[in-house]
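K.L.:
Have a look at this one before I ask anything.
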Amino acid sequence: MGVLAKPRMLLFVAAALLFVTHPTASGQQSDEALPFVTIVKYVFGGPLDEDTSIVYVVTDRREWKKVWKLAHLTFPARPPIPEIDFSSKILLAVFHGFTGGQCTTSITGVVKTEEGLKIQVKVTCPGPTCGPQPANVLKPVEIVAIDRVSKSIRKKDPELIEELQLIECKPPN
């Protein structure tokens, strides 16, 4: 080995050891926020017999056809199914549980962790100062596309994290 090759090799080995022994400050891989695109968002859809939220991870066209049909069970006619490139994308279909008629739901984030996917949802409802609300009930459905993630992440049940936000009404003049 030449005179300069030895110090370069030692520097490379030291840097490699530093990286391998300390990948992050906490020793664990950090969470990664994933960009997403909303495919559909309905205030009412899906199966009526389910009263709690359900998340489907859709990885191929066959599963997509089933979820698309499920999302439109209450529709008089089903719209054409959107084309998705499953070689680079997967879908997350969130069938929210029943909500009050004045509440809205929105997926605000998708995070990839070592434990799997976390879907962040904001539920916005009228606060107590808004008085009585109409008795109608909604069953929101949202389907979003994200970049394909590893099979080990997809196989874990996604976690739905709901944040409730109450909007206070202004007092009458």
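The values are calculated or read from the model by the stated rules, or taken from the named source; none is laboratory data. Just so it is clear, the model here is predicted, and its values are computed rather than measured. Positions of Cβ are backbone-derived with ideal geometry, glycine not excepted, and every protein chain shown enters the neighbour counts.
K.L.:
Which residue, of LEU91, LEU73, is in the same structural domain as GLU162 (by TED's automatic domain parsing) and either part of a strand (DSSP E or B) or at pLDDT 90 or above (or both)?
P.N.:
After applying the criteria, what remains is LEU91.
K.L.:
Sort out which residues of segment 55-82 are among the hydroxyl-bearing types (Ser, Thr, Tyr) and closer than 22 Å to VAL43 by Cβ, and write them in order of number. Give the derivation first.
P.N.:
Let us first name the residues in segment 55-82 that are among the hydroxyl-bearing types (Ser, Thr, Tyr), namely 56, 59, 74.
Scanning segment 55-82 gives TYR56, THR74.
K.L.:
Same structure again: When the residues of segment 124-135 are filtered to those that are surrounded by 10 or more Cβ atoms within 10 Å (Cβ to Cβ) and either under 24 Å from the mean Cα position of the chain (by Cα) or not hydroxyl-bearing (Ser, Thr, Tyr) (or both), which remaining residue is nearest to ILE161 (Cα to Cα)?
P.N.:
THR124
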